[in-house]
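Here's the structure, in structure tokens; my notes come after.
The values are calculated or read from the model by the stated rules, or taken from the named source; none is laboratory data. Model, not experiment: these values are computed from the prediction. Neighbour counts are summed over all protein chains in view; Cβ atoms, including those assigned to glycine, are modelled from backbone coordinates with ideal geometry.
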Amino acid sequence: MISLKIYIDSADLDEIKKAYEWGIADGVTTNPSLLKKAVGKRADINMKKYIIDILKTAEGTPVSLEVTTETSKEMIAEGKKLYELFNPVAGNVVIKIPVNPAYTDADKTHFDGIKTIKALSTEGIPVNTTLIFTPEQALLAAKAGARYVSPFAGRVDDLIRKNSGMSFGKDDYYPHDGKTKDGVVQDDTGVVSGIDLVSQCVDILRYYGLETEVLAASLRNPRQVRDAALVGADIATLPFPVIADMLKHKKTYEGMEAFKKDIVDEYARL
Ligand code: G3P
């Protein structure tokens, strides 16, 4: 059966363990800042042992570990090192590479992400391509052999809201079909929302039969998760609080209250 896979976007072992215990996690995505923060809270364990614990907890499902370097030479070496060091633990390491590690249009490193994806994929190392903001970036990453592309939905919404001068909360829901200002639908490079970016990536990769999976990232609220599922994303990677929010509804609480009262009265007569 195919369904939306849910990855946990966290390096917090407690959160990861809970998500696996409850059967709702199909993978983990980490990044160096998340790992640093999580390990920093623990005096009893170093980074290497901590990553090993995550890999064992997630055994049988993919765990993305991100590189910290910026040129293809460095990223290939770091990706291989991480894979060789950690993949033997549970055989589930995926290396996370930025699609383009440049800082400005003038930089000379625009192809370094693509070169790294090609080199690692050719050696059988699965790559999750991060920081995807256009469908064209996703297409190039897929052609270079990436196993996953990660469009950053929430950050696209941030950008459109900022460029159009809309005031917004980071976690506010932004509609899939975009918002208008002075009668014009706001966009970034023809993408009208973060979910529209996910949707365009899905459509293009499927249209051409590319096997790369679309991993919707930077999702910040349950409606975005629903939209990601509705547009056919393969995977949604979610921070733990977003997973918790997916269960919340005030009518569920009201229903529980009424149910509890009825049952207590009924059982009192047994
Ligand atoms: O998976 C990507 C995620 O960690 C970034 O999320 O909310 O900082 O855009 P955010």
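Details
- Number of residues in the stretch 33-54 that are more than 18 Å from Ala90 (Cβ to Cβ) and part of a loop (DSSP other than H, G, I, E, B) equals 5.
- Considering residues of the stretch 127-155 that are among the aliphatic types (A, V, I, L, M) and over 22 Å from Glu78 (Cα atoms) only, the residue farthest from the ligand (Cβ to nearest atom): Leu139
- Restricting the stretch 31-47 to residues that are within 16 Å of the ligand (Cβ to nearest atom) and without any contact (Cβ under 8 Å) to a residue 60 or more places away in the chain, the residue that is nearest to Asp12 (Cα to Cα): Ala38
- Filtered residues of the stretch 217-265 (kept if in a helix (DSSP H, G or I) and within 16 Å of the ligand (Cβ to nearest atom)): Pro222, Arg223, Gln224, Val225, Asp227, Ala228, Phe240, Pro241, Val242, Ile243, Ala244, Asp245
- Tally of residues being of a type outside the set (Asp, Glu) and either at pLDDT below 95 or farther than 23 Å from Leu238 by Cβ (or both) across the stretch 52-79: 10
- Restricting the stretch 156-209 to residues that are within 16 Å of the ligand (Cβ to nearest atom) and of a type in the set (Phe, Trp, Tyr), the residue that is farthest from Leu238 (Cα to Cα): Phe168
- The stretch 2-17 - residue that is away from the ligand (no atom under 13 Å from the Cβ) and touching a Phe, Trp or Tyr at 6+ places or on another chain (Cβ under 8 Å) and, of those, nearest to Pro239 (Cα to Cα): Glu15
- Answer from Glu59, Glu84, Glu21, Glu74 - the residue that is surrounded by fewer than 21 Cβ atoms within 10 Å (Cβ to Cβ), closer than 27 Å to Gln137 by Cβ, among the acidic types (Asp, Glu) and more than 16 Å from the ligand (Cβ to nearest atom): Glu74
- Just so you know, in the stretch 240-261 the residues that are of a type in the set (Gly, Ala, Ser) and more than 20 Å from Val28 (Cβ to Cβ) include one that is modelled with the highest pLDDT, and it is Gly255.
- Test: residue in the stretch 116-126 that is under 16 Å from the mean Cα position of the chain (by Cα), within 16 Å of the ligand (Cβ to nearest atom), in contact (Cβ under 8 Å) with a residue 40 or more places away in the chain and surrounded by 15 or more Cβ atoms within 10 Å (Cβ to Cβ): no
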